[in-house]
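The values are calculated or read from the model by the stated rules, or taken from the named source; none is laboratory data. The model shown is predicted, which means the values in this text are computed figures rather than measured ones. Reconstructed Cβ throughout: ideal geometry from the backbone, glycine too, with neighbour counts over all protein chains shown. What goes into the accessible areas is simple: the full protein's heavy atoms, side chains included, and nothing from ligands, DNA or RNA. Shrake-Rupley method; radii C 1.70, N 1.55, O 1.52, S 1.80 Å.
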Amino acid sequence: MSTTNISRKKRIRNMFYIILTICTLLIIRIGYLQLVEGSELQSMAYARQTLNRKINPKRGTIFDCSGKIAFAVSASTETISVNPTNIPKEQKEKCARVISDIFSLDYEEVLKKVSKNSSIETIVKKVDKDLTDKLRVWMEENDITEGINIDEDTKRYYPYSTLASNIIGFTGSDNQGLEGLESAYDDILKGTPGKILKLRSATGGSLQNEGEDYVAAIDGDDIILTIDMTIQSIAEKYLMQMCIDNVCTDGGNIIIMNPKNGDILAMANYPNYDLNNPYTINDENLKAVWQELSSKEKTENLQKMWRNKAISDTYEPGSTFKLLTASAALEEGITDTDRSGEFCCSGSINIAGTKIRCWRYYRPHGSQSLREALMNSCNPVFIGLGQKIGVDKYYEYLEKFGLLKKTGIDLPGEAGSIFLKKEKIGPVELATISFGQRFEITPIQMIKLVGTIANNGKEVNPRIVKATVDGKTKEVKEILIEEGEQVISEENAKKVLSMMESVVEEGTGKNAQVAGYAIGGKTGTSEDGVNTGKYVTSFVAVADINDPEIVMIVILYNPTGVGGHQGGVVAAPLAGEVLAEVLPYLEIKKQEEEKEYVSVPEVTGLSVKEAKKILKESNLQTILEEDLADDSIVKDQIPKKGIQVEKETKVILY
C-alpha cells in the first residue's frame, strides 16, 4: 500500500474522531442545557417573551370606632411606565419631552429610561388622573398604541393630617406599611396585587394578534378602631395646650380607655407629626440645622418623632402607683379604708438604716386613716404597707396586675416594664417600689392597672382594633374581647375607687373636679432618672366613679413652666378639662343634686318682723303682699303651715 493511501486513511480516521468528539460534546451540552439549566432558561425565555406589569391593590381604609370616619384612605391614581424596545428610535426624544413636560420631570432622566435596552421602565408613580388624561390625549393624537403604559395605582391619604399620627403610622412608596397600625396590620390592609400580562416576540416586539391578559387586584381589608375621633381630638387639643403652657420639654401623653372592655378611646401624643409628610421634622430648632446632620442623626430624630411614647417609652409612675399598694393591702386584709388614726406620718420613715422622707416632711401629716393617706399621698404610710405585704406577695400583685409583662396591645413597638429581679429586692428597694419610684413601666401598663380596679377588680386588656371588614364582601368580623382574671375582689376594688373619689373631692386631686360628676383620681410626681433635674408629672382618673365608663392617664414630661411639676397642680387640671368635654359627649349623666326640704312654719298672727325672722331661720324666703310695716300682723300665708317645700322657697305673707 502506498504511503499516500495510508496518509489519507489516517486523515479520515482523525477527522472521524474529531467529528465524533464534537458530536459527543454537543450531546453533553444539549443534555446539560435540557436537564440542568432547562428550568432557568425556560424562565428567561418566558420573561423575555412576556411583559408583566404589576397593578397595586387599593389599600384598606382605617376607620374610627363609628366605622364611618376615616383616618387613612386610598385614592385611585395611575402609574406611568414605558417599554423602551417598543418605542421607535426616532420617537424616543419626543416621548421623553412630552412625558417630562406633563409630569414636571427631569427630561434627561426620562430620556435615559426611554433609551434603555430593557423590557420595562417605571417613569412616575401615583399621579392624578387629570395629568394622565393629558398623556392619553397626546398618545391618541399621535397614534401611539404601545410603548407607553398607563396603569391603575393607589395613593394613601390621611384626611386629618396629624390626628392620631403616632397610632396610625404611614406607608412607603410601594404601598407597604412602615409605622403604627399601617405596619402592624399591613398583611390585612395591603390586599393582593393584580397584573397585566402581554406576549412579545423573541426580539421584544409586540405580537399584533395577541391581546393583554388582565388579572384584577384584590383590595385590602378595612379595619375599625376603638379610637373615637371626637375624643381623640379633645385629648390632643388640651394636651398640646398644656404642654405649651407648662413648657414640657419632652412632650406628653393622654390615654383614655373604657375599663369594661379595654377599648382605647384616645391615645394622644405631643408633639405629633403630619402623616401626609412623615419625613418633615416637627421641631423648628432641628429644621434649622437639619442639613448639617448626618444620615444616622436624621434617622434617629425621625424615629423619635414617629415613636408612640404611650406604649414605647417607660417612666417612673410616682404616687399613682400607691393605688396598687393600697389594693394589695386591702386584699391581704392588712388594713381598711377608714380606721381613724391607724397610721402616723412624722415626716419620714427609717427602713434598714435608710431615712426616706415624705414629700411633706416639713409639715408632717400626722395621724391618718388609709383614705386620708391616699388623699394626702403620704409616702411613709405606703412604705409601711409595702413592708407588711412583703416582697414575695408584692411581686405576686405586680404579676396579677400584668406589670411584669407587656400588655400585648395590637400596636408595634410596645416596651416592657423595668423592675429589679425579686431576688435582688431588699427592704429599701421594696420601700421605694411601694410609693412608685426606682422602677419603670409604660403608660399603657398604668392605664391597665387603673382599668382593672375600675372594672370591679377584674383584669382588662387594652386593644386598639375592634373589627375588620372584608375588602370584597364587606363582611364585618368582630375581634373578640379577651376575658381577664379577677385580680382583687369587687368589694376591695370599690373601696379603692371610693378613696380615689376622696382624692379629687378633698385631696391632692382637687383640680380635676368637674361640676356634676363624681370623679376619682390620683396624682403622681417622679424624677425622670436619677439626679437629672427632670420630672414626670401625672394623673390617673376614673369617671363616673359609681359606674366607671372611662379611665384616663395624663403624663407631662419635664414641665418647666411657672406652674411647677407637681401632679396636682399641672396634670390634674388637664384631666379636668378633658373630662369636662368627654363626659357630656359620652352622654354620661350628671349627678342630680339632692334637694333639701323643710316644713313651712305657722307665722299667721305674728308681726311681719317676727314672721320674717322665723322664715329665715327655716331657710325660706319672704314675699309681702304689699309694703307692710314690720309691726303689721300677718293674716294669711301661702304655702300653709306644715307643707314640705324645698329650701329657699318663697312664702307669701298677707
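Take the Cβ-Cβ distance between residue 632 and residue 598 as r, set R0 to 35 Å, and report the resulting FRET efficiency rounded to the nearest 0.05.
Working: r = 24 Å, r/R0 = 0.70.
Working from the Cβ atoms, E equals 0.90.
Could you pull the Rg and Dmax for the range 557-608, using just the Cα atoms, both in Å?
Just the Cα atoms of the range 557-608 yield Rg and Dmax of 23.2, 71 Å.
Taking Rh as the Kirkwood radius, which is the inverse of the mean 1/r over Cα pairs, what is the Rg/Rh value for the chain?
Numbers: Rg = 38.3 Å, Rh = 31.0 Å.
Expressed as Rg/Rh, it is 1.23.
Just to check, using Stokes-Einstein with a Kirkwood Rh over alpha carbon pairs, what's the diffusion coefficient of the range 581-649 at 25 °C and 0.890 mPa s in µm²/s?
Values: Rh = 14.1 Å.
My calculation gives 174 µm²/s for D.
No solvent, one uniform scatterer per C-alpha: report log10 I(q)/I(0) for the range 473-520 via the Debye equation at q = 0.21, 0.28, 0.30, 0.31 1/Å, two decimals.
The Debye formula, applied to the Cα set alone, gives -0.77, -0.98, -1.04, -1.07.
In Å and whole numbers, how far do the C-alpha atoms of the range 351-407 stretch along each principal axis, longest first?
Extents along the principal axes, in whole Å: 39, 28, 18.
So which lysines can residue 613 reach, going by Cα to Cα under 22 Å and dropping same-chain residues fewer than 8 places off?
Of all the lysines, those that pass the test against residue 613 - Cα under 22 Å, at least 8 places apart if same chain - are 635, 640, 641, 647, 650.
So for the pair residue 587, residue 295, with labels modelled 7 Å out along Cα→Cβ, what separation do we get in nm?
If labels sit at residue 587 and residue 295, their model points lie 5.6 nm apart.
Sorted by accessible area with a 1.4 angstrom probe, largest first, how do 132, 85 fall?
Values: 132 0, 85 60 Å².
Heavy-atom accessible area, descending, gives 85, 132.
To two decimal places, what compactness ratio does the range 534-587 give when its Cα radius of gyration is scaled by 2.2 N^0.38 Å?
In units of the 2.2 N^0.38 Å rule of thumb, it is 1.24.
Would you mind working out the accessible area per residue for the chain, using a 1.4 Å probe, and quoting it in Å²?
On a per-residue basis, the chain sits at 50 Å².
Once the piece of chain linking residue 560 and residue 29 is laid out straight, how much longer is it, given 0.36 nm per residue of separation minus the C-alpha distance between them?
Gain on stretching residue 560 to residue 29: 183.2 nm.
In the structure shown, do any of 112/195; 68/309; 355/421; 155/466; 393/466; 237/287 have a Cα-Cα gap over 30 Å, and if so which?
Result: 393/466 exceed 30 Å.
Percent of accessible area on the range 455-552 owned by carbon and sulfur, 1.4 Å probe? Intermediate results must be reported in sequence, preceding the final value.
Values: 1880 of 4360 Å².
Carbon with sulfur: 43 percent of the solvent-accessible area.
Quick check: residue separation of residue 117 and residue 218 times 0.36 nm, minus the Cα distance between them. What number comes out in nm?
33.1 nm
Give the Rg/Rh ratio for the range 112-163, taking Rg as the radius of gyration of the Cα atoms and Rh as the Kirkwood radius, to two decimals.
Radius of gyration over Kirkwood radius for the range 112-163 works out to 1.10.
Evaluate 2.2 N^0.38 Å with N set to the residue count of the range 447-565, then give the Cα radius of gyration divided by it.
For the range 447-565, the normalised Cα radius of gyration comes out at 1.35.
Going by accessible area, probe 1.4 Å, with all protein chains left in place, what is the ranking of 344, 378, 65, 23, largest first?
344, 23, 65, 378
Please report the orientation-averaged projected area of the range 423-489, defined via the convex hull of its C-alpha atoms, in nm².
7.2 nm²
Do me a favour and compute the ellipsoid semi-axes for the range 518-654 from its Cα gyration tensor, root of five times each eigenvalue, largest one first, whole Å.
Equivalent ellipsoid of the range 518-654: 56, 18, 11 Å, largest first.
Relative to the longest principal axis of the chain, what angle (0 to 90°, nearest 10) does the C-alpha long axis of helix 608-617 take?
Computed tilt is about 50 degrees.
Radius of gyration and Dmax for the range 270-417's Cα atoms, expressed in Å?
Every Cα atom of the range 270-417 included, Rg and Dmax give 22.1, 65 Å.
Suppose each label sits 7 Å from its Cα in the direction of the beta carbon; what would the residue 489-residue 137 distance come out to in nanometres?
8.1 nm
Nearest-5 percent of antiparallel DSSP beta bridges in the chain?
Within the chain, antiparallel bridges account for around 90 percent of the total.
What are the semi-axes of the equivalent ellipsoid for the range 221-302, taken as the square roots of 5 times the Cα gyration tensor eigenvalues, largest first, in whole Å?
29, 17, 10
Through the Karplus equation 6.51 cos²θ - 1.76 cosθ + 1.60, θ set to phi - 60°, convert the phi angles of the range 411-421 into ³J(HN,Hα) values in whole Hz; use x for Gly and Pro.
Residue by residue, the range 411-421 yields 9, x, x, 5, 9, x, 6, 10, 10, 5, 4 Hz.
Give me the percent of the accessible area of the range 91-130 that comes from carbon and sulfur atoms, probe 1.4 Å, all protein chains in place.
The value for the range 91-130 is 44 percent carbon and sulfur by accessible area.
Please give the contour-minus-distance gain from residue 339 to residue 355: 0.36 nm per residue of separation, less the Cα-Cα distance, rounded to one decimal in nm.
Between residue 339 and residue 355, full extension yields 3.1 nm more.
For the range 100-190, what number results from the quotient of the Cα radius of gyration and 2.2 N^0.38 Å? Numbers along the way, then the final one.
Numbers: Rg = 17.2 Å, N = 91, 2.2 N^0.38 = 12.2 Å.
Scaled against compact globular proteins, the figure is 1.41.
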